[in-house]
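The structure appears below as structure tokens.
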Amino acid sequence: MKNQQVEALLLQALEHELGGIEVYQTAIECAVHPGLKKEWRKYLDETRGHVTALEGACAALGIDPEREDPGRAVVRHVGGALVQAMKLALAAGDRSAAQLVACECVVLAETKDHMDWELIKKCGEHLTGKAATALTDAANKIEDQEDEHLYHSKGWCRELWVESLGLTAVLPPPEEVQKVKTAIGAARAEQAAEKVR
Ligand SMILES: [Fe+2]
Ligand SMILES: [Fe+2]
């Protein structure tokens, strides 16, 4: 494995989780539906745990968690842009529109979050010794949470958009009710929502 790129991945993942805290803090301000607000409060808490887990993983691999690199700067920039987008929507004064913007920002953020942890798990499978154990343990603890963050947020985003179009929406989304944690489960949940429209 290319150790330098493993380090780049961990530093990006850490920066993304740090940005994720700010994304959720702002998204919670935008949320109108009480069920969504409650979900995002839980994801915010879990995201704080992911920061701690990545700091632990960096320590186990002898990586300075504060080290800057260009990839990390890009991740920070994108996270800041998502927060700015939500603030722009909030300032416009339409709460429902701001909630939709927040849903989209969360889905964008969680797409990378989900991929980062899949890649971290892969690194764990291909490294050896203490590094392998540290990454595998962290990924095993966190991957279910990232599945939920991504698939459930996509469900909220789709159904709130559908509702805004004046169509029959399923809220909370079936992803939430069925506690979906896989891509195939998410596809089935979306189908279930389509059946009622
Ligand atoms: Fe995360
Ligand atoms: Fe996440």
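We did not get these values from a lab; they are worked out from the coordinates using the rules stated. What you see is a predicted model, and the numbers here were worked out from it, not measured in a lab. Using ideal geometry, Cβ is built from the backbone for each residue, glycine included, and neighbour counts are taken over all protein chains shown.
Quick look at the values:
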quantity: Flagged links, alpha-carbon separation over 21 Å, of Lys154/Lys181; Lys121/Lys154; Lys141/Lys181; Lys42/Lys130; Lys37/Lys122; Lys37/Lys87; calculated: Lys121/Lys154; Lys42/Lys130; Lys37/Lys122
quantity: Centre separation in Å (Cα based) which lies between the range 129-162 and the range 53-124; calculated: 13 Å
quantity: Ranked list, fewest to most other Cβ atoms within 10 Å of each Cβ, for Arg158, Arg188; calculated: Arg188, Arg158
quantity: Structure-based [θ]222 nm, the chain - -39500 (n - 2.57) summed over DSSP H runs of at least 4, per residue, nearest 500; calculated: -29000 deg cm²/dmol
quantity: Contour minus Cα-Cα distance for Trp161 and Thr111 (0.36 nm per residue); calculated: 16.1 nm
quantity: Note, ³J(HN,Hα) from phi for the range 156-165, Karplus 6.51, -1.76, 1.60, rounded to Hz, x at Gly and Pro; calculated: 4, 4, 4, 5, 5, 5, 4, 4, 5, 7
quantity: Pairwise label distance in nanometres, Ala97 with Glu55, each label 7 Å out on the Cα-Cβ vector; calculated: 3.9 nm
quantity: Any cysteine of the chain lacking a neighbouring Cys Cβ under 4.7 Å - listed by number; calculated: Cys30, Cys58, Cys105, Cys123
quantity: Cleavage-rule hits (GluC sites (Glu not before Pro)) in the range 22-72: DSSP loop, at most 15 neighbouring Cβ within 10 angstrom; calculated: Glu66, Glu68
